[in-house]
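Working notes, structure below.
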Amino acid sequence: MLLVIDNGSVYTKNLIDFLSDKKIHYKKITPELLDLKSLDNYNSFILSGRRKNEKKVNEINSKIINFAVNNDKKLLGICYGAEILTLTLGGTIKKSVILQRGNEKVSILKENPLSSGNLHVFESHGFEISKLPDVLIGIAESKNCKFEIIQYDKKPIFGTQFHPEMSDDGKNLILKVLFNLIDFNIS
């Protein structure tokens, strides 16, 4: 079963609506209400974006990331989720030069299980990944962001700086992370 961590993003409703439309079984919970002992009950995790920075929320998301890494669980970090993935594993983030908001074309840089062509996605972030730790690989970029999609080396753990729940290409990516499907079409 999938656990969606709702970190307060205004786009989480779009994610939940998409999962419900696809009849994907999930549980949604805010970090403050999560019993960390329950993580064994899930085989995949999505960490949503956020509205504000809170130390306790960061700590809980980091524990989920470490659990996923240590137990080979699937994980998708969206926007803030990708940033906290990077920070947890030893990378850095920085404030964006300008607020990124709107449609963006993402170019794939390396062979990966999610996409082989360009993606059309929706951006909405004020921070971005600046340096990856050794275990994370940048697999896509845009003209405004060097690390649009990141992947943990040889694990089903990914992060997107953009909001995949807001575009068809992004929704395809969500399904590929959750189901390890290479050519799944959501149409």
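The values are calculated or read from the model by the stated rules, or taken from the named source; none is laboratory data. This is a predicted model, so every value here is computed, not measured. In this analysis, Cβ positions are derived from the backbone assuming ideal geometry, glycine residues included, and neighbour counts consider all displayed protein chains.
Test Glu83 against the stated conditions and say whether it is closer than 16 Å to Gly159 by Cα, of a type in the set (Asp, Glu) and at pLDDT 95 or above. Before you say what the answer is, go through the steps one by one.
Details: closer than 16 Å to Gly159 by Cα: yes; of a type in the set (Asp, Glu): yes; at pLDDT 95 or above: yes.
It is true that Glu83 is closer than 16 Å to Gly159 by Cα, of a type in the set (Asp, Glu) and at pLDDT 95 or above.
For the condition on the phi < 0 side of the Ramachandran plot, at pLDDT below 95, outside any loop (DSSP other than H, G, I, E, B) and crowded, with 19+ Cβ neighbours inside 10 Å, what is the one hit in Val97, Val106?
Just one listed residue meets the conditions, Val106.
Could you check, for segment 30-39, whether at least one of its residues is under 14 Å from Ile78 (Cα atoms) and among the polar types (S, T, N, Q)?
No, segment 30-39 contains no residue that is under 14 Å from Ile78 (Cα atoms) and among the polar types (S, T, N, Q).
Does segment 67-82 contain at least one residue that is among the charged types (D, E, K, R) and under 24 Å from Asn144 (Cα atoms)?
No, segment 67-82 contains no residue that is among the charged types (D, E, K, R) and under 24 Å from Asn144 (Cα atoms).
Looking at Lys155 and the list (1) more than 19 Å from Gly49 (Cβ to Cβ); (2) in contact with a helix residue (DSSP H, G or I) (Cβ under 9 Å, 6 or more places away or on another chain); (3) modelled with pLDDT of 95 or more, which single condition is not satisfied?
Every listed condition holds for Lys155 apart from (3).
Hey, could you check segment 158-187 for residues that are assigned to a loop (DSSP other than H, G, I, E, B) and at pLDDT below 90 and say which is surrounded by the fewest Cβ atoms within 10 Å (Cβ to Cβ)?
Ser187
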